[in-house]
1. Restricting to region B:230-248, count the residues that are crowded, with 16+ Cβ neighbours inside 10 Å and farther than 20 Å from B:VAL216 by Cα.
2. Exactly one condition in (1) in a strand (DSSP E or B); (2) open to solvent by 30 Å² or more (accessible area, probe 1.4 Å); (3) in contact (Cβ under 8 Å) with a residue 24 or more places away in the chain is false for B:LYS34; which is it?
3. For region A:66-90, which residues satisfy the criterion of being under 18 Å from A:THR170 (Cα atoms) and touching a residue at least 24 places away in the same chain (Cβ under 8 Å)?
4. Kindly indicate whether B:LYS20 is of a type in the set (Lys, Arg) and touching a strand residue (DSSP E or B) at 6+ places or on another chain (Cβ under 6 Å).
5. Looking only at region A:246-274, which residues are over 19 Å from A:LYS224 (Cα atoms) and over 15 Å from the mean Cα position of the chain (by Cα)?
6. May I ask you to verify whether A:TRP263 is of a type in the set (Phe, Trp, Tyr), touching a residue at least 24 places away in the same chain (Cβ under 8 Å), away from chain B (no Cβ under 14 Å) and open to solvent by 30 Å² or more (accessible area, probe 1.4 Å)?
7. Looking at region B:204-212, is at least one residue surrounded by 21 or more Cβ atoms within 10 Å (Cβ to Cβ) and of a type in the set (Phe, Trp, Tyr)?
Amino acid sequence: MTADINQPEKIGIPKEARTILKRIEADKTIYSRKLMISFFVLAVLMVTSLIVLGLDFKFMLKWLPFIIAGSGYTFLVAFLAISLACVLSVIGALGRLSRNPVINSIATTYVSLIRGTPLLVQVYMWYLALPQIGKALEGYGFTGIQAWFTLPALPAGILALGVCYGAYMTETVRAGIQSINIGQTEAAKAMGMTGFQTMKRVIFPQAIRVIIPPVSNEFIAMIKDSSLVSLMGVWELSYRAIKVGRRHFQSLEMLIMVALIYWAMCILLQYFQEKIEKHMARGDRGI
Amino acid sequence: MGKKTNPMVKATNIHKVFGKGLHVLSGVDIEVNKGETVVILGASGSGKSTFLRCINFLEEPTAGTIEVDNIVINAGERGKQRTEHILGIRKKTGMCFQAFNLFPHMTALENIIEGPITVFGQEKKEAIRYAEELLDWVGLTEKRDEYPSRLSGGQQQRVAIARSLAKKPKVMLFDEPTSALDPELVGEVVDVMERLAEEGMTIIAVTHELHFARDVADRVMIMDGGNWVEEGTPEKIFNNPDHERTRQFLAHIL
């Protein structure tokens with residue numbers, strides 16, 4: 001139990017200790033006040049530098065709605081891709097931990113191959129190279145398969161991002177599962193649970209708490225990497241900003257604006273991440 | 001004399017070899033009758049915990065046969081039948097660990113109903129009713145909705161005992177249940193174990209709690225170097241052991 005220092009007389013804290021406690025408390029307040037001031041000064045400096053640079057704010061304001069309209073695509077791509085990545089990462093992690101040699105080798109190769117190649121190349125692979133594979137297969141007598149292998153830009157982008165992040169997250173999930181004490185598995189087994197029940201009821205609910213922070217991190221990274229789908233001509237945030245900026249020779253304004261929009265989105269996500277983590281921490285001491 | 005019934009637990013010629021040559025158990029036998037309380041004593045590294053864990057296959061015996069309430073598994077058995085037999089034995093066996101191993105993401109009550117619901121498909125209402133009875137029996141009714149992190153070690157171990165009793169086991173295995181506890185908390189756990197023995201549960205306990213061994217055990221077995229040195233009633237073992245090794249060991253822990 002922590003003592004309430006506002007009512008020290010109740011719990012018999014001596015007077016000199018009370019003075020020290022008050023000073024510690026005052027130091028804390030001073031620190032947080034100074035921190036707020038620093039942030040404020042930093043913000044003012046940033047805004048001033050934008051003004052000094054002579055940014056055309058009217059131009060920015062005019063195009064703001066058009067650019068923001070692209071955030072729908074950004075969220076759509078990031079959300080669907082992270083969902084796919086979550087599913088793949090759980091399957092991948094179970095594969096990596098599997099004692100079945102076929103499953104294990106497939107999962108290990110998936111992680112190694114995807115992590116070992118640039119995302120940019122993978123995006124083009126899904127979009128530009130896959131139809132060629134379809135064509136080749138058609139040549140082997142699979143008629144009609146090429147249509148399936150020719151993906152529109154949006155699905156191609158979602159698949160590329162989802163599969164790529166799935167590989168990274170596979171290792172996160174695997175580490176999360178392995179971080180759970182062996183005693184938990186033993187207790188579940190001794191209870192008579194099957195391997196699947198143990199994973200579902202005991203290991204995974206505990207692992208998820210370890211996994212959530214790095215996965216939120218991946219999601220934030222994904223929001224920004226989703227700009228790669230602009231390579232295929234999807235009208236998302238950054239594509240719009242770049243197009244408009246080039247056409248009017250005002251790239252600086254547009255790029256700064258789009259950067260700020262991404263930043264705002266990530267701050268929002270971080271807020272939700274903290275909420276989820278707090279919720280997940282139930283069962284910990286002191287909550 | 002009634003008809004001789006099968007022992008509740010029977011292990012025959014259990015060997016356990018770790019890795020390529022660490023021979024921890026060498027041909028251990030045991031027979032424990034229904035309602036009997038057996039305490040296994042031995043120095044650390046003697047193989048007593050490993051043997052206990054072989055009974056419910058948390059440790060897989062390298063050779064030998066385990067029988068619990070008429071379910072028989074041979075160490076060499078393979079395939080689906082083996083898996084079924086192992087699950088069968090585990091369903092009849094409760095186990096308490098040195099580190100309690102409660103599920104930290106579940107409350108005391110949720111820990112207790114987990115087995116009945118997930119493993120036995122019991123209805124939740126019924127499982128909760130019995131869990132509350134068990135909580136009352138271990139004296140923790142008011143901790144029903146607490147998470148393990150908010151419980152003391154002794155309370156955690158008592159919840160763990162209630163948890164393993166929830167499936168109405170035929171045998172209880174205790175693997176040093178008081179070794180991780182502060183001295184003043186040992187009593188409450190030993191007390192629960194004693195009441196369990198009085199109610200006729202078949203118990204095999206690895207413990208250094210000599211008070212429990214002396215007052216509650218029907219039989220004390222001493223293990224050293226992977227097999228029994230000596231066994232007998234507590235009076236015999238503590239007052240007049242046959243073997244020098246037993247004498248040495250007891251001198252160490254008394």
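The values are calculated or read from the model by the stated rules, or taken from the named source; none is laboratory data. Worth saying up front: this structure is predicted, and the values here are computed from it rather than measured. We place every Cβ from the backbone using ideal geometry, glycine too, and count neighbours over all the protein chains shown. What goes into the accessible areas is simple: the full protein's heavy atoms, side chains included, and nothing from ligands, DNA or RNA. Shrake-Rupley method; radii C 1.70, N 1.55, O 1.52, S 1.80 Å.
1. Applying the first criterion (crowded, with 16+ Cβ neighbours inside 10 Å) to region B:230-248 yields B:230-232, B:234, B:237-238, B:241, B:245-246.
Filter again for farther than 20 Å from B:VAL216 by Cα, leaving B:245.
Selection size over region B:230-248: 1.
2. Only one criterion in (1) in a strand (DSSP E or B); (2) open to solvent by 30 Å² or more (accessible area, probe 1.4 Å); (3) in contact (Cβ under 8 Å) with a residue 24 or more places away in the chain is unmet by B:LYS34, namely (1).
3. Keep residues of region A:66-90 that are under 18 Å from A:THR170 (Cα atoms), which gives A:78-90.
Residues satisfying the conditions are A:ALA78, A:LEU80, A:ALA81, A:ILE82, A:SER83, A:LEU84, A:ALA85, A:CYS86, A:VAL87, A:LEU88, A:SER89, A:VAL90.
4. Numbers: of a type in the set (Lys, Arg): yes; touching a strand residue (DSSP E or B) at 6+ places or on another chain (Cβ under 6 Å): no.
The answer is no for B:LYS20.
5. Listed by number, the residues that qualify are A:ARG246, A:ARG247, A:HIS248, A:PHE249, A:GLN250.
6. no
7. Going residue by residue through region B:204-212, those that are surrounded by 21 or more Cβ atoms within 10 Å (Cβ to Cβ) are B:204-207, B:209, B:212.
Okay, now just the ones that are also of a type in the set (Phe, Trp, Tyr), so B:212.
Yes; the residues of region B:204-212 include at least one that is surrounded by 21 or more Cβ atoms within 10 Å (Cβ to Cβ) and of a type in the set (Phe, Trp, Tyr).
So that you can scan it fast, the table gives a plain yes or no per residue for (1) within 11 Å of chain A (Cβ to nearest Cβ); (2) more than 22 Å from the chain's Cα centre (by Cα):
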{"position": "B:THR62", "(1), (2)": "no, no"}
{"position": "B:GLY79", "(1), (2)": "no, yes"}
{"position": "B:ARG82", "(1), (2)": "no, no"}
{"position": "B:LYS92", "(1), (2)": "yes, no"}
{"position": "B:THR107", "(1), (2)": "yes, yes"}
{"position": "B:GLY115", "(1), (2)": "yes, no"}
{"position": "B:PHE120", "(1), (2)": "yes, no"}
{"position": "B:GLU123", "(1), (2)": "no, yes"}
